[in-house]
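Visitor: Please see the structure below; I have some questions.
The values are calculated or read from the model by the stated rules, or taken from the named source; none is laboratory data. All values derive from a computational prediction rather than experimental measurement. Here the Cβ positions follow ideal geometry from the backbone for every residue, glycine too, while neighbour counts run over all protein chains shown.
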Amino acid sequence: MSCWNICRRVIDVSMRTASVLVLLGLMALFLGQYGVGEYHSRVEFSSDAWKHEELIPEGVRLTMVDALLADPGVVGRSRSQIDDLLGKPDETSYFRDYDYVYWLGPERGKISIDSEWLGLKFRSDVVVEAHILTD
């Protein structure tokens, strides 16, 4: 093999490696910005804001749901407490395994093609499970 062929192969491998590294760097930057932005957009839970339906498509529930589920959370609360806190659940045919389902808004992320939901399961009129779901 000639010296020229060896040099061409080294350059070819170097260019491919550089392309992969640039792609990985861009992906890390993209994902890192999402993660930081997502963390900083979280706010304290507000029952009044949660019930304000015009704000749901803008993601107000998505910014509060983590605070809602944190201690003391909703597990262990009665159905009437949930009704007072979150209002009536949304009408949907999704997630029939859950007793109450609330639309949180468009899925978090740069490309949101689905929606996120809060699903609650009751046993004897007390919340026993609460999960964030996607459709």
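Visitor: Anything in the range 96-120 that is of a type in the set (Ser, Thr, Tyr), part of a loop (DSSP other than H, G, I, E, B) and farther than 20 Å from residue 75 by Cβ? List them, or say none.
Guide: Of everything in the range 96-120, just one residue is of a type in the set (Ser, Thr, Tyr), part of a loop (DSSP other than H, G, I, E, B) and farther than 20 Å from residue 75 by Cβ, namely 112.
Visitor: Quick check on residue 42: is it within 30 Å of residue 84 (Cβ to Cβ), in contact with a Ser or Thr (Cβ under 9 Å, 6 or more places away or on another chain) and either modelled with pLDDT of 60 or more or charged (D, E, K, R) (or both)?
Guide: Against the criterion (within 30 Å of residue 84 (Cβ to Cβ), in contact with a Ser or Thr (Cβ under 9 Å, 6 or more places away or on another chain) and either modelled with pLDDT of 60 or more or charged (D, E, K, R) (or both)), residue 42 qualifies.
Visitor: Kindly indicate whether residue 107 is closer than 23 Å to residue 42 by Cα, out of contact with any Phe, Trp or Tyr (no Cβ under 7 Å at 6 or more places or on another chain) and surrounded by fewer than 18 Cβ atoms within 10 Å (Cβ to Cβ).
Guide: For residue 107, the condition - closer than 23 Å to residue 42 by Cα, out of contact with any Phe, Trp or Tyr (no Cβ under 7 Å at 6 or more places or on another chain) and surrounded by fewer than 18 Cβ atoms within 10 Å (Cβ to Cβ) - is met.
Visitor: Taking the range 60-92, which residues are part of a loop (DSSP other than H, G, I, E, B) and under 16 Å from residue 132 (Cα atoms)?
Guide: 70, 71, 73, 74, 75, 89, 90, 92, listed by residue number.
Visitor: Regarding residue 55, is this residue farther than 18 Å from residue 134 by Cβ, free of Cβ contacts under 8 Å to residues at least 40 places away in the same chain, in contact with a Phe, Trp or Tyr (Cβ under 7 Å, 6 or more places away or on another chain) and surrounded by 14 or more Cβ atoms within 10 Å (Cβ to Cβ)?
Guide: Here the answer is no, as residue 55 does not meet what is asked.
Visitor: For the range 69-81, does any single residue satisfy the condition of being in contact with a Ser or Thr (Cβ under 6 Å, 6 or more places away or on another chain) and either among the β-branched types (Val, Ile, Thr) or at negative phi (or both)?
Guide: Taking every residue of the range 69-81 in turn, none turns out to be in contact with a Ser or Thr (Cβ under 6 Å, 6 or more places away or on another chain) and either among the β-branched types (Val, Ile, Thr) or at negative phi (or both).
Okay, residues lined up against (1) closer than 13 Å to residue 63 by Cα; (2) surrounded by fewer than 16 Cβ atoms within 10 Å (Cβ to Cβ); (3) in contact with a helix residue (DSSP H, G or I) (Cβ under 7 Å, 6 or more places away or on another chain); (4) not acidic (Asp, Glu):
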residue	(1), (2), (3), (4)
94	no, yes, no, yes
116	yes, no, yes, no
127	no, no, yes, yes
131	no, yes, no, yes
